[in-house]
Amino acid sequence: MSIKVFAEGNTLRVIDCTGEMPQGREIELFTSEEIEKLAAQRIWQSIPKESREDMMFQTQSKSYQEWMKEDEWDQAVEALPVDATLPLAEFKA
């Protein structure tokens, strides 16, 4: 079920609802950012503890930090037009 609400001060007004809202049952609402965070936490926790520790160790290594910086650019790069690229060469075996 999905529910869209509109906040009016401390009051929430339901503006759209798919499915039946359960009567007499407490409902907890989350923002889309919170849902993404909860999903990421579930994925992380589904990985075996040993693998998580290995990943954490790897991301703290100097080689990993240097590898991550390889894709960082100091300035924007302008793409060259197609005719400025090198011509293809034929190779014969």
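Annotation note: Cβ proximity below 7 Å between a residue of the stretch 12-33 that is closer than 12 Å to Ser2 by Cα and hydroxyl-bearing (Ser, Thr, Tyr) and a residue that is at pLDDT below 85 and part of a strand (DSSP E or B) (sequence gap 6+ or interchain) occurs for Thr18/Ser2. Under the condition of being surrounded by 10 or more Cβ atoms within 10 Å (Cβ to Cβ) and among the β-branched types (Val, Ile, Thr), the residues counted in the stretch 18-72 number 3.
Here is a yes/no grid of residues against (1) within 30 Å of Arg13 (Cβ to Cβ); (2) of a type outside the set (A, V, I, L, M, F, W, C); (3) part of a loop (DSSP other than H, G, I, E, B); (4) modelled with pLDDT of 85 or more:
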{"position": "Lys37", "(1), (2), (3), (4)": "yes, yes, no, yes"}
{"position": "Gln58", "(1), (2), (3), (4)": "no, yes, no, no"}
{"position": "Tyr64", "(1), (2), (3), (4)": "no, yes, no, no"}
{"position": "Trp73", "(1), (2), (3), (4)": "no, no, yes, no"}
{"position": "Ala93", "(1), (2), (3), (4)": "no, no, yes, no"}
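The values are calculated or read from the model by the stated rules, or taken from the named source; none is laboratory data. The structure displayed is predicted, hence computed values, not measured ones. Cβ sites come from the backbone with ideal geometry, for glycine too, and all protein chains shown count toward neighbours.
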